[in-house]
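Student: Sharing a structure with you now.
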Ligand code: XMP
């Protein structure tokens, strides 16, 4: 890790010089990239950094609490914005996946701009852009890659915001960022975090997003994660998550007929998210996940496992 050790030292110096007495804004999502960047910037410029975490209400259980506690303990100047109602309101009645993504992206930029105005002026915007993002957007600018989804990412705020960019990870891959996170002393739990999409659980609730459905999905997701983390091959997994389908099926719970929702489980391996394979998780683990979800959650009576690779399916269902 000698090279990355030096990289960290050099970047801290470089950022310090570049920033001078100005202020830097950063959006954090709780993911590895933005968390690592927040810690790096804190080391470099201390309170000249303002990190903003927008809670759009589409997060998993404990996510916001875990990340904000960690960042605050490290002395990062963190602002947590509760925008849950605002996002849910805007999502009401929205069913089309691209429309969902557009609404969430738009709302996110809106919230972010308001905060920037209130807390500024900021000269710089820091982003955890990685090399694959750079290549991908170059490819789509030249029309090489057909657009499949409108990715919303805290690293992808539009240039129209008018800041100068600080992107220290621009030439790095994800595994290098994970090593930098280690060098910076970020806990293993945070480093091992799986990628999580910017639009959050909204793209894992097919059809309209409501608070009730979010609650069902959060609970299913927590059970899935509890069980899958016990598997000795957990570290080989790229992502493991639950999807709430917009259909009900008939079942029997106790002595009674039930008519409840279906959860799909998706567990994939991948190098970079561009292609992926479903994972051959042992049946006893899958069975336990299914039993716990259907026993513990009123409103779900059936669990299915997604056996599709990417391509032809994408990793997320929307
Ligand atoms: P797909 O579903 O396109 O996902 O096969 C590939 C990887 O990207 C993640 N993903 C996103 N990440 N904003 C993000 O930051 C997004 O809008 C978004 N959509 C998908 C997905 O979880 C997978 O790791």
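The values are calculated or read from the model by the stated rules, or taken from the named source; none is laboratory data. Because the structure is predicted, anything quoted here is derived from the model rather than measured. All Cβ positions, glycine included, derive from the backbone under ideal geometry; neighbour counts span all protein chains shown.
Student: Would it be correct to say that residue 242 is crowded, with 21+ Cβ neighbours inside 10 Å, over 18 Å from residue 307 (Cβ atoms), outside the structural domain of residue 85 (by TED's automatic domain parsing) and touching a helix residue (DSSP H, G or I) at 6+ places or on another chain (Cβ under 8 Å)? Break it down stepwise before answering.
Tutor: Working: crowded, with 21+ Cβ neighbours inside 10 Å: yes; over 18 Å from residue 307 (Cβ atoms): no; outside the structural domain of residue 85 (by TED's automatic domain parsing): yes; touching a helix residue (DSSP H, G or I) at 6+ places or on another chain (Cβ under 8 Å): yes.
Taking the combined requirement at face value, the residue does not satisfy it.
Student: Okay, moving on. Condition first: surrounded by fewer than 16 Cβ atoms within 10 Å (Cβ to Cβ), free of Cβ contacts under 8 Å to residues at least 40 places away in the same chain and either under 26 Å from residue 175 (Cβ atoms) or touching a strand residue (DSSP E or B) at 6+ places or on another chain (Cβ under 9 Å) (or both). Now tell me which residues in the stretch 283-307 satisfy that.
Tutor: 291, 295, 298, 307 - these are the residues of the stretch 283-307 that are surrounded by fewer than 16 Cβ atoms within 10 Å (Cβ to Cβ), free of Cβ contacts under 8 Å to residues at least 40 places away in the same chain and either under 26 Å from residue 175 (Cβ atoms) or touching a strand residue (DSSP E or B) at 6+ places or on another chain (Cβ under 9 Å) (or both).
A quick yes/no check of all residues on (1) assigned by TED's automatic domain parsing to the domain that holds residue 47; (2) touching a helix residue (DSSP H, G or I) at 6+ places or on another chain (Cβ under 7 Å); (3) modelled with pLDDT under 90:
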| residue | (1), (2), (3) |
| --- | --- |
| 75 | yes, yes, no |
| 78 | yes, yes, no |
| 92 | yes, no, no |
| 122 | yes, yes, no |
| 133 | yes, yes, yes |
| 156 | yes, no, yes |
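Student: Let me ask something else. Here are 65, 107, 98, 9: which of them is modelled with pLDDT of 95 or more and either farther than 30 Å from residue 208 by Cα or more than 16 Å from the ligand (Cβ to nearest atom) (or both)? Steps first, answer last, please.
Tutor: Details: 65 fails: modelled with pLDDT of 95 or more; 107 fails: either farther than 30 Å from residue 208 by Cα or more than 16 Å from the ligand (Cβ to nearest atom) (or both); 98 fails: either farther than 30 Å from residue 208 by Cα or more than 16 Å from the ligand (Cβ to nearest atom) (or both).
Exactly one of 65, 107, 98, 9 is modelled with pLDDT of 95 or more and either farther than 30 Å from residue 208 by Cα or more than 16 Å from the ligand (Cβ to nearest atom) (or both), namely 9.
Student: Exactly one of (1) in contact (Cβ under 8 Å) with a residue 12 or more places away in the chain; (2) within 24 Å of residue 174 (Cα to Cα) is unmet by residue 75. Its number?
Tutor: (2)
Student: Among (1) outside the structural domain of residue 98 (by TED's automatic domain parsing); (2) in contact (Cβ under 8 Å) with a residue 12 or more places away in the chain; (3) surrounded by fewer than 17 Cβ atoms within 10 Å (Cβ to Cβ), where does residue 187 come up short?
Tutor: It is condition (1) that residue 187 fails.
Student: A further question on this structure: Which fully enclosed strands (runs of 3 or more DSSP E) of the stretch 1-111 have 1 or more residues being surrounded by fewer than 19 Cβ atoms within 10 Å (Cβ to Cβ)?
Tutor: On the way: elements: 24-28, 49-55, 78-82.
Once the strands (runs of 3 or more DSSP E) in the stretch 1-111 are filtered for at least 1 residues that are surrounded by fewer than 19 Cβ atoms within 10 Å (Cβ to Cβ), what remains is 49-55, 78-82.
Student: Just to be sure I understand, how many residues within the stretch 188-213 are assigned to a loop (DSSP other than H, G, I, E, B), at pLDDT below 90 and more than 12 Å from the ligand (Cβ to nearest atom)?
Tutor: 1
Student: Looking at residue 220, is it more than 15 Å from residue 306 (Cβ to Cβ), surrounded by 22 or more Cβ atoms within 10 Å (Cβ to Cβ) and outside the structural domain of residue 174 (by TED's automatic domain parsing)? If you could, list the steps in order and put the result at the bottom.
Tutor: Working: more than 15 Å from residue 306 (Cβ to Cβ): no; surrounded by 22 or more Cβ atoms within 10 Å (Cβ to Cβ): yes; outside the structural domain of residue 174 (by TED's automatic domain parsing): yes.
Taking the combined requirement at face value, the residue does not satisfy it.
Student: Return the only residue of 267, 247, 285 being within 30 Å of residue 149 (Cα to Cα), more than 14 Å from the ligand (Cβ to nearest atom) and not in a loop (DSSP other than H, G, I, E, B).
Tutor: Values: 267 fails: more than 14 Å from the ligand (Cβ to nearest atom); 285 fails: within 30 Å of residue 149 (Cα to Cα).
Going through 267, 247, 285 in turn, the sole match is 247.
Student: Every residue in the stretch 271-282 that is within 12 Å of the ligand (Cβ to nearest atom) and either at positive phi or surrounded by 18 or more Cβ atoms within 10 Å (Cβ to Cβ) (or both), please.
Tutor: If the condition is that a residue be within 12 Å of the ligand (Cβ to nearest atom) and either at positive phi or surrounded by 18 or more Cβ atoms within 10 Å (Cβ to Cβ) (or both), then 273, 276 are the ones that fit.
Student: Look at residue 258 and say whether it is more than 15 Å from the ligand (Cβ to nearest atom), modelled with pLDDT of 95 or more and not in a loop (DSSP other than H, G, I, E, B). Spell out the reasoning first.
Tutor: On the way: more than 15 Å from the ligand (Cβ to nearest atom): yes; modelled with pLDDT of 95 or more: yes; not in a loop (DSSP other than H, G, I, E, B): yes.
The answer is yes for residue 258.
Student: Given the structure, is residue 169 within 16 Å of the ligand (Cβ to nearest atom), within 20 Å of the chain's Cα centre (by Cα) and at pLDDT below 95? Step through it out loud before you land on a result.
Tutor: Numbers: within 16 Å of the ligand (Cβ to nearest atom): yes; within 20 Å of the chain's Cα centre (by Cα): yes; at pLDDT below 95: no.
Criteria not met by residue 169.
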